[in-house]
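The values are calculated or read from the model by the stated rules, or taken from the named source; none is laboratory data. Given the structure is predicted, the values throughout are model-derived calculations rather than measurements. Cβ coordinates were reconstructed from backbone atoms using ideal geometry, including for glycine residues, and neighbour counts include every protein chain displayed.
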Amino acid sequence: MTTALVVPQDLQTLGREMYELVRLLYPICRSITGDGVRQTLALVGDRIPLQIREVPSGTQVLDWVVPPEWNIRDAYIKNGRGERVVDFKRSNLHVVSYSIPTHRRMTLDELREHLHTLPDRPGWVPYRTTYYTPDWGFSLSHDQLAALEPGEYEVVIDSTLAPGHLTYAESVLRGKSESEVLISTHICHPSLCNDNLAGIALASALARALAGRALRYTYRFLFIPGTIGSITWLALNEEHLNRIAHGLVLACAGDPGPFTYKKSRRGNAEIDRAASVVLRHLNREFSFVDFSPYGYDERQYCSPGFNLPVGVFSRTPYGQFPQYHTSADNLDLITPQSLADSFAACWGIIAVLEGNGRYGSVNPKGEPQLGRRGLYRRVGGQQISKGDEMALLWVLNLADGDHDLLDVAERSGLPFAAVRRAADRLLEHTLVRGIDV
Ligand code: ZN
């Protein structure tokens with residue numbers, strides 16, 4: 001028998017705690033490898049148990065190779081008066097991630113080729129990377145660029161690109177079953193809040209709330225650099241992937257936009273159905289989008305050789321909010337309330353996975369007499385609401401061994417929690433028995 005996962009108390013406090021973790025992580029310069037990732041994981045590891053994995057540069061992972069490790073201490077552009085006109089110490093977005101070490105003098109015109117701005121958002125600094133092409137560059141606001149005078153500039157990027165490791169972490173919560181729910185979030189973006197610190201905070205809060213509970217599934221939380229991290233994890237864990245029963249990628253989870261669920265490549269996996277039933281009952285704007293081979297690490301989990309049942313939970317999807325991959329994806333874009341709402345939605349999805357199952361009616365011929373068992377409404381002294389009664393009738397009717405409780409929720413339009421409660425009541429009265437639960 002499974003029982004409903006009780007919603008953790010006080011979502012407001014949870015929202016504030018998640019926001020606080022984002023604030024702590026915000027200044028750190030992260031990339032797909034390097035000490036920024038380690039510092040990030042150390043702070044997450046203060047909150048939940050983490051196993052840190054270090055995979056050497058040069059390791060072959062599927063069709064990819066783990067790149068050299070990148071670390072950066074300082075970077076700037078100095079004008080002729082020795083003033084830092086662009087300064088990594090003011091914002092880590094100013095340096096193109098994975099820039100090779102550089103120390104040069106050059107004219108403004110020569111320098112321009114290495115400068116990135118957003119002319120249509122002249123106050124914002126863009127986020128740029130050059131992971132797999134050796135290059136260097138700076139990002140700055142278009143206003144900053146406009147203020148640069150002709151003349152000679154000194155350019156310094158005090159970085160190292162050297163054999164080292166790719167760092168990622170797993171947090172595993174053991175349940176009754178060896179079947180796993182994979183929850184994955186990327187950890188490779190520097191000072192950007194919605195994309196990806198909100199996902200890190202949400203995954204950490206879910207892991208913390210699930211810890212110590214009697215769980216049906218084993219939960220595996222992955223904190224990994226985007227693309228190369230999931231490819232590395234998949235390569236190292238290929239023989240265990242049949243354990244993954246359900247999966248969810250968390251990204252862009254902290255802005256106040258509507259919930260967005262992107263379906264797995266399969267399109268009708270249990271996680272897709274669970275998300276649909278849960279989001280429909282939250283009385284909030286939401287949208288469902290079909291799988292496409294673009295986005296976050298679902299691209300790897302849902303590649304045809306794996307085709308894992310992994311969906312994506314986000315608020316406004318990547319690329320659809322103007323602040324995306326710019327300095328305006330900052331602490332003002334996300335709110336504790338949005339983080340708390342995202343938590344509640346994901347918790348609801350997990351509760352469905354924990355509580356779903358198929359049941360068989362003990363009295364399938366005709367309806368069992370519910371009134372005799374105190375399970376039917378009586379005029380006066382009502383013991384049971386109309387909704388609860390309908391849930392009992394629906395569960396009994398679909399307790400044919402073929403349908404699961406998600407089918408009941410889908411066909412009845414009732415919230416999953418009401419359906420689950422009805423199944424528990426019927427189990428108590430020995431009117432149904434579990435088939436695969
Ligand atoms: Zn991104």
Q.
So if I check each of ASP158, ASP120, ASP135, which one is outside any loop (DSSP other than H, G, I, E, B), more than 16 Å from the ligand (Cβ to nearest atom), more than 28 Å from the chain's Cα centre (by Cα) and modelled with pLDDT of 95 or more?
A. ASP158
Q: Determine whether segment 310-325 contains at least one residue that is crowded, with 22+ Cβ neighbours inside 10 Å, away from the ligand (no atom under 16 Å from the Cβ) and in the same structural domain as HIS240 (by TED's automatic domain parsing).
A: yes
Q. Filtering segment 266-309 down to residues that are within 20 Å of ASP255 (Cα to Cα) and β-branched (Val, Ile, Thr), which residue is farthest from the ligand (Cβ to nearest atom)?
A. VAL278
Q: Kindly check whether there is at least one residue in segment 178-189 that is outside the structural domain of LEU118 (by TED's automatic domain parsing) and surrounded by fewer than 21 Cβ atoms within 10 Å (Cβ to Cβ).
A: yes
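Here's the yes/no breakdown for (1) surrounded by fewer than 23 Cβ atoms within 10 Å (Cβ to Cβ); (2) charged (D, E, K, R); (3) over 30 Å from VAL419 (Cα atoms):
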site	(1), (2), (3)
LEU210	no, no, no
ARG213	yes, yes, no
LEU236	yes, no, yes
PRO258	yes, no, no
SER276	yes, no, no
LEU282	yes, no, no
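Results for (1) out of contact with any Pro (no Cβ under 9 Å at 6 or more places or on another chain); (2) not in a loop (DSSP other than H, G, I, E, B), shown as yes or no for each residue.
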site: ARG266; (1), (2): no, no
site: VAL278; (1), (2): no, yes
site: ASN283; (1), (2): yes, no
site: SER292; (1), (2): yes, no
site: GLN300; (1), (2): yes, yes
site: GLY305; (1), (2): yes, no
site: PHE313; (1), (2): yes, yes
site: THR316; (1), (2): no, no
(Q) Against the definition (free of Cβ contacts under 8 Å to residues at least 40 places away in the same chain and within 16 Å of the ligand (Cβ to nearest atom)), how does GLY371 come out, yes or no? (A) no
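In segment 246-263, what count of residues is obtained for those that are under 11 Å from PHE288 (Cα atoms) and either part of a loop (DSSP other than H, G, I, E, B) or more than 14 Å from the chain's Cα centre (by Cα) (or both)?
2
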Q) For segment 73-101, how many residues meet the condition of being in a strand (DSSP E or B), surrounded by fewer than 23 Cβ atoms within 10 Å (Cβ to Cβ) and touching a residue at least 60 places away in the same chain (Cβ under 8 Å)? A) 5
